[in-house]
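S.K.: Dumping the structure here so I can ask a few things about it.
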Amino acid sequence: MVENYEGNGNNPSSNGRKAPMLGHHEGSKGAKIRLTEEQLRLWFIKYDTNRDGNLTRAELTEAFSRLGSFWGGYRAMQALLHADANDDGCIDEDEMEELVRYANKRKYALA
Ligand SMILES: [Ca+2]
Ligand SMILES: [Ca+2]
């Protein structure tokens, strides 16, 4: 007979906060903070460097690179493929939501 050790649902850690401390030994980047969709939106808006309301591929590349992506240019291209609905090569305000959703799925975090 094999006993089922997961039989009871009581989690002994549920009454005390058992904070997972992973930060110090996880690479050299330290703790990361996940960005919310709203923060991502503000982030991308910040990288609309010429303030024309559109994020070009160059601006997206910079934004993704600063998010810690080693492949900012590649990410920018992928983001455009996902979010550039009218295929004009940049993200306008209407397409921003989809861009944010795409970026959020990649789980970007500030180092
Ligand atoms: Ca722009
Ligand atoms: Ca577009």
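S.K.: Place a point 7 Å from the Cα of Y74 along the Cα-to-Cβ direction; which residues of the stretch 43-65 have their backbone N under 19 Å from it?
M.R.: Answer for this model: 57-65.
S.K.: Checking the cross-link filter: which aspartates and glutamates have an alpha carbon closer than 18 Å to that of K105, excluding same-chain neighbours under 8 positions apart?
M.R.: The reachable aspartates and glutamates, counting only those whose Cα sits under 18 Å from K105, are E37, E38, D84, E95, E97.
The numbers here are math on the coordinates, done by the rules we state, and not lab data. As the structure is a prediction and not an experimental result, all values here were calculated from the model. Glycine gets a Cβ as well: all are built from the backbone with ideal geometry, and neighbour counts include every protein chain shown.
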